[in-house]
1. Report, to the nearest whole %, how much of the accessible area of the chain belongs to carbon and sulfur atoms, 1.4 Å probe, protein only.
2. Name the most mobile residue of PHE131, PHE155, PHE139, meaning the one with the largest mean-square fluctuation, in a Gaussian network model of the chain with Cα contacts below 10 Å.
3. Go through the cysteines of the chain and tell me which have no other cysteine Cβ under 4.7 Å away.
4. What percent of all Cα-Cα pairs in the chain falls in each 5 Å bin, counting up from 0?
5. Mind listing the long-range amide H neighbours of VAL54? Cut-off is under 5 Å, sequence gap 5 or more, other chains count too, H placed in the peptide plane at 1.01 Å from N.
6. What are the ³J(HN,Hα) values, in whole Hz, obtained from phi via the Karplus relation 6.51 cos²θ - 1.76 cosθ + 1.60 with θ = phi - 60°, for each residue of segment 152-158 in sequence order, with x given for Gly and Pro?
7. How large is ³J(HN,Hα) for each residue in segment 105-110, as worked out from phi by the Karplus curve 6.51 cos²θ - 1.76 cosθ + 1.60 (θ = phi - 60°), to whole Hz, x for Gly and Pro?
8. Return one whole number: the accessible area per residue of the chain in Å², for a 1.4 Å probe.
Amino acid sequence: GVEVTPSGGVHMTAAGYECGTGSTQCTGSIKISVWSSTSLGTSSRVTSFGQTLVDTVLTGPEYMTHALSVIASDDTGSLVLMYTGTRKQGANNGLWGCRSSDDGHTWTSAITLEADSGAVNVAYPVIVGAFPGRFYSIFMTQSTTWAPFQVWYSFSTDSGATWSSKKLISRTND
């Protein structure tokens, strides 16, 4: 994902697979990183990016959902990063989040938004920032590889420090 903060900071997030092949054969650790630049300002050119390694997760049960990362900011420039992955090789993916209040220079430790030890695989997170401190998230869960996805919603009113309990929006086969 990519986000531009009100101050002109540009932030990109990605999941880096150690095998480097990007194939379904890839297993192992995945580095969740954010590249940030505060040099945009009034120029249309970003001159340099600094990379921050935020977390390392492992590959889950399916290649398409191993690790997906998204980023958003609110009106004040607070950033929230959400990503999927697992802490135990091959286990179902969980969902984590962390925050930055200094334009991406430092990040909080990850908080668990959806545990990776459950009977569902978490996938396809989306996050949007709005009013100061307010973030909205949608993500999907799936009980088995070919089961229909369920779509969930939750929100934060404190810049991602805590989140509401998830609410079921729909199942994709409805």
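1. Heavy-atom surface of the chain belonging to carbon and sulfur, 1.4 Å probe: 55 percent.
2. Fluctuation is largest for PHE131.
3. CYS98
4. All Cα pairs considered, the percentages come to 2, 9, 18, 20, 19, 15, 10, 5, 2, 0.
5. ILE32, SER33, VAL34
6. 10, 10, 8, 9, 10, 10, 10
7. Calculated HN-Hα couplings, in order: 6, 9, 10, 6, 5, 5 Hz.
8. Details: 8410 Å² over 174 residues.
About 48 Å² of surface per residue is accessible.
The values are calculated or read from the model by the stated rules, or taken from the named source; none is laboratory data. Model, not experiment: these values are computed from the prediction. Quick reminder, even Gly has a Cβ in these numbers, built from the backbone with ideal geometry, and neighbours come from all protein chains shown. Note: accessible area is taken over every heavy atom of the protein model, side chains too, but ligands, DNA and RNA are not part of it. Shrake-Rupley method; radii C 1.70, N 1.55, O 1.52, S 1.80 Å.
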